[in-house]
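Presented below is the structure to which this report refers.
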Amino acid sequence: MKQTTMRRLRFLPAIIIMATIFLLSSRTNDELNTFLPWFQKLFPQMSSFDWGHFIAYFVLALAFDYGFARRARRWTFKLAIVLLCVLYGLTDEYHQSFVSGRTPDIADIRHDGIGAALAVVLVALPLIRKPWRRLVAISE
């Protein structure tokens with residue numbers, strides 16, 4: 001395969017995660033409420049923060065970091081990763097405005113950004129950066 005095709009394939013995990021977020025955003029509140037109470041019983045301390053958005057966009061940021069590979073080491077790309085996640089979060093909230101029982105929420109976008117920013121900062125820490133870069137480099 002050509003090198004450019006391989007580079008593009010590195011973004012496949014991010015595309016899959018974005019599709020999953022889209023599908024979950026297509027669910028009505030009634031459909032989501034079959035899962036959320038179980039999760040909140042399991043982790044009662046997490047009921048005051050939207051962990052679903054936080055975790056989804058944390059993972060999305062890691063997938064973008066993987067896609068950008070070596071370029072993600074630069075802070076301009078780290079900023080771009082957070083920006084891409086927040087922009088996708090905006091489109092996600094807009095999408096939810098068309099789903100019965102769902103409404104856009106600025107707090108969700110904040111949680112998306114927090115999750116993405118934390119992922120970017122985490123993989124920049126020296127203790128985590130080295131093993132993460134080795135893992136990412138395996139498939140370069």
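Overview of values
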| read-out | value |
| --- | --- |
| Residue selected from segment 72-107 under the condition of a type in the set (Asp, Glu) and more than 12 Å from the chain's Cα centre (by Cα), by the criterion modelled with the highest pLDDT | 93 |
| Helices (runs of 4 or more DSSP H) (entirely within segment 1-66) containing at least 3 residues that are at pLDDT 95 or above and at negative phi | 12-25 |
| First in segment 101-127 and at positive phi, second anywhere and part of a helix (DSSP H, G or I) and at pLDDT below 90, Cβ under 7 Å, 6 or more apart | 101/29; 101/30 |
| Residues satisfying the stated conditions in segment 73-98, i.e. within 13 Å of residue 121 (Cα to Cα) and not in a helix (DSSP H, G or I) | 74 |
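The values are calculated or read from the model by the stated rules, or taken from the named source; none is laboratory data. From a predicted model like this one, the values you see are computed outputs, not experimental measurements. All Cβ positions, glycine included, derive from the backbone under ideal geometry; neighbour counts span all protein chains shown.
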